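The structure under discussion appears below in the form of structure tokens.
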């Protein structure tokens with residue numbers, strides 16, 4: 001079986017609320033690229049959206065939490081009761097520490113200041129480390145170098161502490177999406193192997209879904 005003959009998912013998609021065709025358009029393009037589903041961050045799916053989804057394609061709901069570290073635990077706990085896929089955008093050392101210490105968090109995305117202590121807590125609480133491929137595409141010069149440095153360092157901790165990893169294009173439009181093979185090629189820039197990249201788009205998302213209750217509704221929509 002090929003590494004790229006799997007069910008792939010992107011769990012951090014941010015459709016524009018101003019574009020009424022954004023969700024169906026993203027889903028159609030993702031399906032063409034070989035994805036089986038995606039998670040929409042802080043986005044409501046309407047009946048019109050569901051009617052225009054491609055067949056055999058699932059939409060999930062993700063809660064993107066952005067708040068001060070003092071409120072992080074309560075926010076994670078609040079959303080965990082809804083069975084959302086819970087995502088925290090990584091930040092400084094204190095925020096990352098608060099995030100990984102809180103059971104119920106699913107994904108810590110692109111933590112900028114990550115260390116051995118954070119990694120041990122992430123392992124104990126089964127928290128996935130997210131790698132934002134979109135940041136490498138959007139940034140240039142020194143900013144891209146900083147992102148690559150962050151990713152290389154985080155990958156070391158992922159391997160050392162056997163942490164699950166996930167890849168995302170962090171897309172807002174169809175032009176931000178990338179096919180799984182292209183995602184893997186970009187991930188190789190910071191040292192990720194093809195198998196690690198493929199697992200990060202297939203095995204890891206499926207493992208996250210297993211921790212959530214499954215309630216299929218209609219036409220490919222799955223509410224978590």
Notebook entry, point to check: Which condition does residue 98 not pass, out of (1) in a loop (DSSP other than H, G, I, E, B); (2) surrounded by fewer than 22 Cβ atoms within 10 Å (Cβ to Cβ), if it passes all the others?
Noted result: (1)
Notebook entry, point to check: Name the residues in the range 29-54 that are in a helix (DSSP H, G or I), more than 19 Å from the chain's Cα centre (by Cα) and touching a residue at least 12 places away in the same chain (Cβ under 8 Å), would you?
Noted result: 48, 49, 50, 51
Check: Within the range 183-222, which residues are in contact with a helix residue (DSSP H, G or I) (Cβ under 7 Å, 6 or more places away or on another chain) and at pLDDT below 95?
Finding: 218, 219, 221
Next item on the list: Report, by residue number, each residue of the range 138-173 that is surrounded by fewer than 17 Cβ atoms within 10 Å (Cβ to Cβ), in a helix (DSSP H, G or I) and touching a residue at least 24 places away in the same chain (Cβ under 8 Å).
Entry: 148, 152, 153, 160
Check: Quick one: in the range 44-58, which of the residues that are out of contact with any helix residue (DSSP H, G or I) (no Cβ under 7 Å at 6 or more places or on another chain) and on the phi < 0 side of the Ramachandran plot is surrounded by the most Cβ atoms within 10 Å (Cβ to Cβ)?
Finding: 58
Checklist line | Residue check for residue 121: closer than 27 Å to residue 192 by Cα and either part of a helix (DSSP H, G or I) or in contact with a strand residue (DSSP E or B) (Cβ under 7 Å, 6 or more places away or on another chain) (or both) | finding: yes
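The values are calculated or read from the model by the stated rules, or taken from the named source; none is laboratory data. Since we're looking at a predicted model, the values are computed, not measured. Because the Cβ atoms are built from the backbone with ideal geometry, glycine has one as well, and the counts that use them run over all protein chains shown.
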